[in-house]
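**Q** I have a structure here, written as structure tokens, and I will follow up with some questions on it.
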Amino acid sequence: MKFSDIFELTITDISSRWLYSLLIIFMLLIGVSSAFIAISQSQGIVSKEEQLFEFLRPNLLIVYPKSPITNSQVNVAKSMKYVSQVYPVINQSIEVEVNAQNYTFYLLGIDNISIITSYTLVAGTTFDYSSLVIPSSASLHLPPGTLVKVYINKDAKYTYISGVISYSHTVFQRIGVSSSTLFPSYNCLFTSLQYAEKLTGDKNYTFLIVLTQSPLYNSNVTNEILSVFPNATIKSLGVSSTAIARQYASFTAYLVSLSIIAILTSIITNGSVTSISFNRRLREIGVLMALGMKRDHIALLYLLESFILGAVGGIAGLVAGYYITENIMLTKTVIYTPVYYPIQLVELVVLSVLASNIGSIYPIFRVFKLTPSEVMR
């Protein structure tokens, strides 16, 4: 019997048992789409977290001393063996008068704002060493060029807004760095360290941002800093980011486990349905044998049927999984884009075909073990 004849018979068989075929395809669709969603969503979240980790710099330390930091102490920190960069920060609560209304802001003076937060310039420009930059999320919207009156220790000084930025405030909340000192609210005004000194008249600093040469040296630098700033609180972003990495690794494992369960359920259901169908097709198999069809050709018929149903179920699962993935986010705490690779899509279709073929093992085994009495029953 030619392969083309067997293939034609397979198509006829599938169409004549459309309800059975649809059930198999549906179960495979569920399994493949579940795996697709789990993989693409978890990879999207992990990819986003990896981007945040790169920004967070695991070799970054934030030093909160018990008392203001002097310039000489900053120089000592800069001279430490494993320290790469030191950024002193001035942070003060200030009153800003706009249109006869007073608003409370937190002034943050630092020469490199990108070291502690990724930001996007929304309007205007960033620091020009004689102005303030306001976040777009602040309760008060001030466009670039707005003249404002700033009250510090009851002294009024005039300055202007040079830019509006959007920055990653939520990062600090999630890693536990947010405090009354650093980013206590969205109402922050940023400026250069030089202008913050001029505006506040303060030559001492609130806290330090220290970049070590490598995360491996964090503990060494921490010990040195504590010798200069006794009882200081030192936050290491590397430790916190590792904790987040574990959290999302667990999340990924959970999703993948669900997809594996879905695939296994598809295999078991497929095998059960195929076995039931086989018992009902014994008379048909007997007729095929009577017409001269060999046992290995009948086995090939089952394999082809399983292959076609598996391929159709796998492709349908990819389509369903893609649609769901593009329209549903599994978490709102992280803004991410699902990630999937072509090789993974091929692997899922192959997995669907294998799952379908596993279900055909029992019928094929029975075909070679059939006795004349069973066939003629």
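**Q** Return a yes/no flag: does the range 190-207 have any residue that is out of contact with any helix residue (DSSP H, G or I) (no Cβ under 8 Å at 6 or more places or on another chain), over 30 Å from Asp155 (Cα atoms) and not β-branched (Val, Ile, Thr).
**A** no
**Q** Restricted to the range 106-130, and to residues that are closer than 15 Å to Ser162 by Cβ and aromatic (Phe, Trp, Tyr), which residue is nearest to the chain's Cα centre (by Cα)?
**A** Tyr119
**Q** Does Thr70 count as among the β-branched types (Val, Ile, Thr) and farther than 20 Å from Leu140 by Cβ?
**A** Judged against the criteria, Thr70 is a match.
Per-residue answers, yes or no, for (1) in contact with a helix residue (DSSP H, G or I) (Cβ under 9 Å, 6 or more places away or on another chain); (2) at pLDDT 80 or above; (3) part of a loop (DSSP other than H, G, I, E, B); (4) not hydroxyl-bearing (Ser, Thr, Tyr):
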{"site": "Gly313", "(1), (2), (3), (4)": "yes, yes, no, yes"}
{"site": "Ala320", "(1), (2), (3), (4)": "yes, yes, no, yes"}
{"site": "Thr325", "(1), (2), (3), (4)": "yes, yes, no, no"}
{"site": "Tyr336", "(1), (2), (3), (4)": "yes, no, yes, no"}
{"site": "Arg366", "(1), (2), (3), (4)": "yes, no, no, yes"}
{"site": "Glu374", "(1), (2), (3), (4)": "yes, no, no, yes"}
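**Q** Kindly list, by first and then second residue, each pair from a residue in the range 304-326 that is more than 29 Å from Ile45 (Cβ to Cβ) to a residue that is open to solvent by 60 Å² or more (accessible area, probe 1.4 Å), limited to pairs with Cβ atoms under 8 Å and residues at least 6 apart or on different chains.
**A** Leu304/Phe7; Ile308/Ile11; Gly310/Leu354
**Q** Hey, Ser277 hits all of (1) at pLDDT below 80; (2) open to solvent by 40 Å² or more (accessible area, probe 1.4 Å); (3) more than 26 Å from the chain's Cα centre (by Cα) but one; which does it fall short on?
**A** (2)
The rows are residues; the columns are (1) modelled with pLDDT under 85; (2) within 33 Å of the chain's Cα centre (by Cα); (3) surrounded by fewer than 15 Cβ atoms within 10 Å (Cβ to Cβ).
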{"residue": "Asp5", "(1), (2), (3)": "yes, no, yes"}
{"residue": "Ile39", "(1), (2), (3)": "yes, yes, no"}
{"residue": "Ile45", "(1), (2), (3)": "yes, yes, no"}
{"residue": "Lys48", "(1), (2), (3)": "yes, yes, no"}
{"residue": "Val83", "(1), (2), (3)": "no, yes, no"}
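**Q** Counting only residues that are within 13 Å of Phe190 (Cα to Cα) and open to solvent by less than 70 Å² (accessible area, probe 1.4 Å), give me the strands (runs of 3 or more DSSP E) lying completely in the range 97-172 with at least 2 of them.
**A** Output list reads 101-109, 132-135, 155-167.
**Q** Another one. For the subset of the range 54-81 comprising residues that are part of a loop (DSSP other than H, G, I, E, B) and among the small types (Gly, Ala, Ser), which member is most open to solvent (accessible area, probe 1.4 Å)?
**A** Checked the range 54-81; the qualifying residue most open to solvent (accessible area, probe 1.4 Å) is Ser79.
**Q** For Ser241, are the conditions met, namely being at pLDDT below 75 and hydroxyl-bearing (Ser, Thr, Tyr)?
**A** yes
**Q** Can you tell me which condition Lys294 does not meet? The list is (1) open to solvent by 90 Å² or more (accessible area, probe 1.4 Å); (2) farther than 17 Å from Phe7 by Cα; (3) at pLDDT 75 or above, and all the others hold.
**A** Answer for Lys294: the failing condition is (2).
The values are calculated or read from the model by the stated rules, or taken from the named source; none is laboratory data. The model shown is predicted, which means the values in this text are computed figures rather than measured ones. Every residue, glycine as well, gets a Cβ built from its backbone with ideal geometry; the counts of neighbours run over all protein chains shown. Areas reflect the complete protein model, heavy atoms only, side chains present, ligands, DNA and RNA absent. Shrake-Rupley method; radii C 1.70, N 1.55, O 1.52, S 1.80 Å.
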